[in-house]
Amino acid sequence: MAKLTVRDLDVRGQRVFLRVDYNVPMEEKDGRMVITDSTRIVETLPTLKLLIEKGGKLILTAHLGRPKGKREATLSLQPVAVKLSELLGKPVAFVDDCIGEKVEKAVAAMKDGDVVLLENVRYYSEEEKNDPVFAEELARVADVYVNDAFGAAHRAHASTEGVARVVARRGGKCAAGLLMERELKFLGDELEKPARPFVVILGGAKVSDKIKVIDRLLEKANTILIGGAMAYTFKLAHGEKVGKSLVEPDHKQTALDAEAKARKLKVDFELPVDVVVATPVETGKLNKKGKPVFDFTNIRTVSGDIPDGAEGFGVGEKTAARYAEIIKGAKTILWNGPLGMFEDPRFAASTNIVAQAVADATQKGAKSIIGGGDSVKALKKAKLGDRVTFMSTGGGASLEFLEGAVLPGVAALSEK
Ligand code: ADP
Ligand code: MG
């Protein structure tokens with residue numbers, strides 16, 4: 001069930017309505033909004049260049065932040081148009097609306113290969129409601145629909161789903177951009193029939209966030225390595241003590257069921273044998289969000305029970321070394337969720353050891369696929385982002401895709 005991609009399209013002279021992910025971080029400087037990280041814009045350039053080369057008229061649409069249906073000046077995409085023009089090395093016209101007369105006028109004046117960026121589509125509440133009338137409005141300037149915003153594909157919004165349905169109904173084509181194509185290839189096709197051994201590393205905060213992924217991957221993996229705070233719910237389920245660690249007592253049975261399924265399917269299901277713990281002490285200070293700031297004292301590694309006053313912050317050295325050995329023998333690796341609270345350097349060691357093992361295995365020929373926003377951050381922080389096969393740009397969308405969910409933004413694309 002392969003999806004049509006921009007490579008398959010002939011778009012000369014056609015109006016290509018292109019949904020991109022330009023939800024970039026911005027900061028106010030001297031009364032102006034300035035983009036602080038242009039990665040998401042840079043990542044779309046190959047798709048744009050290909051479509052320009054093919055002679056399409058590119059009408060770009062995107063969202064920025066959560067304006068909740070109102071014109072919020074700080075959430076305008078205008079600075080993105082300026083940045084995009086700089087990066088593309090050609091003019092990018094900006095229209096300060098995404099539907100209506102202004103848009104139609106601007107598009108009518110376009111020549112083949114021209115690029116126009118429309119204003120934040122979330123200035124209209126109809127976008128997130130996937131309002132059919134609004135989708136029709138958007139589609140007025142669309143002959144062809146392309147979606148390159150994988151990170152928004154898990155939402156059935158007007159610009160990610162509704163407009164594609166309108167274009168398809170009229171007999172127009174709906175295709176994946178090059179970024180979207182890569183996401184579908186690595187998170188989808190490559191994991192359908194993975195080279196073995198297939199090792200899955202699952203960490204992060206909560207079992208409840210990951211249980212659907214665990215469940216699905218139990219059917220495919222040879223080995224599952226568990227880390228992060230979710231390991232403590234397994235510990236609790238085994239009757240061990242977890243001290244003050246982050247746990248989900250309501251999910252003890254979920255954890256036991258996963259282990260039972262692993263035994264049944266003969267999947268090697270590994271839990272940490274040691275834990276880095278610390279004693280949290282209140283500092284009396286509050287952070288930006290008004291939450292109390294803790295100091296972590298007496299950092300040490302324990303095996304078995306986590307002492308009463310202590311809190312777990314990641315897998316210990318023995319566990320990290322064991323996991324690294326297993327990873328080094330893998331042919332396919334999927335990693336979702338850090339092994340500890342990597343944001344604090346005192347608890348980042350295990351995540352970094354595993355990241356290094358993934359990079360080493362990749363160098364020896366394994367395919368390594370990283371999904372999940374924080375896992376990607378952890379890998380970049382370890383400066384190993386360019387040593388893995390693929391890092392998803394999808395965040396929440398990649399997690400849902402790995403769960404086996406049908407993403408509305410993907411489902412709406414034409415089959416090859
Ligand atoms: P991803 O975004 O890659 O899917 P998650 O959002 O599930 O990953 O989990 C990442 C978060 O889990 C990180 O913020 C990390 O600090 C936290 N975390 C991991 N291990 C622990 C731990 N032992 N204790 C507390 N938080 C943890
Ligand atoms: Mg996350």
* Taking the Cα centre of the range 6-182 as the origin, how large is its charge dipole in debye, to the nearest 20, when only Lys and Arg (+1) and Asp and Glu (-1) carry charge on their Cβ atoms? -> 280 debye
* Asked: To the nearest 20 debye, what charge dipole does the range 193-383 have about its Cα centre, counting +1 at the Cβ of each Lys and Arg and -1 at the Cβ of each Asp and Glu?
  -> 820 debye
* Asked: Once Rh is set to the Kirkwood radius over Cα pairs, what Stokes-Einstein translational diffusion coefficient, in µm²/s, holds for the chain at a temperature of 10 °C and a viscosity of 1.306 mPa s?
  -> 69 µm²/s
* Which translational diffusion coefficient, to the nearest whole µm²/s, is obtained for the range 359-416 from the Stokes-Einstein equation, given a Kirkwood hydrodynamic radius over C-alpha pairs, 10 °C and 1.306 mPa s? -> 125 µm²/s
* Structure fact -> Candidates Ala366, Ala158, Ala237; GNM for the chain (alpha-carbon contacts under 10 Å) flags as most fluctuating Ala237
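Could you give the size of the charge dipole of the chain about its Cα centre, using +1 on the Cβ of each K and R and -1 on the Cβ of each D and E, expressed in debye and rounded to the nearest 20?
620 debye
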* Structure fact -> Over the range 209-314, the quotient of the Cα radius of gyration and 2.2 N^0.38 Å is 1.22
* **Low-density loop cleavage sites - trypsin sites (Lys or Arg not before Pro) in the range 279-327, where at most 14 other Cβ are within 10 Å (DSSP)** => Lys288, Lys289
* Only Cα pairs under 8 Å and at least 6 apart count here; give the relative contact order of the range 85-137 as a rounded whole percent. => 35 percent
* Hull volume in cubic angstrom per residue (convex hull over the Cα atoms of the range 252-354) -> 142 Å³
* What net charge do the residues around Leu217 carry, taking every other residue with its C-beta under 10 Å from that of Leu217, with Lys and Arg at +1 and Asp and Glu at -1? -> +1
* Return one whole number: the accessible area per residue of the range 42-144 in Å², for a 1.4 Å probe. => 45 Å²
* To do: Quickly estimate the mean residue ellipticity at 222 nm for the chain, helices only: each DSSP H run with n ≥ 4 gives -39500 (n - 2.57), and the total goes over all residues, rounded to 500.
  => -9500 deg cm²/dmol
* Enter the accessible area per residue of the range 276-398 (Å², integer; probe 1.4 Å; all protein chains in place). => 47 Å²
* Ratio of Rg to Rh for the range 6-182, alpha carbon only, Kirkwood? -> 0.93
* From the C-alpha gyration tensor of the range 193-383, pull out the three semi-axes of the equivalent ellipsoid (sqrt of 5λ each), sorted largest to smallest, in whole Å. => 27, 20, 14
* Asked: When the gyration tensor of the range 287-416 is built from Cα positions, what are the square roots of 5 times its three eigenvalues, in whole Å, from largest to smallest?
  -> 30, 21, 13
* Structure fact -> Here D for the range 194-245, in µm²/s, from Stokes-Einstein with a Kirkwood Rh over Cα pairs at 20 °C and 1.002 mPa s, works out to 181 µm²/s
* What is the projected area of the convex hull of the Cα atoms of the range 120-251, averaged over all directions, in nm²? -> 11.7 nm²
* Structure fact -> Excluding ligands, DNA and RNA, the carbon-plus-sulfur percentage of the accessible area of the range 282-397 with a 1.4 Å probe reads 52 percent
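The values are calculated or read from the model by the stated rules, or taken from the named source; none is laboratory data. Everything numeric in this text was worked out from a predicted model, so none of it was measured. Every residue, glycine among them, receives a Cβ derived from its backbone with ideal geometry; neighbour counts consider all protein chains shown. Only protein heavy atoms, including side chains, enter the accessible area calculation; ligands, DNA and RNA are left aside. Shrake-Rupley method; radii C 1.70, N 1.55, O 1.52, S 1.80 Å.
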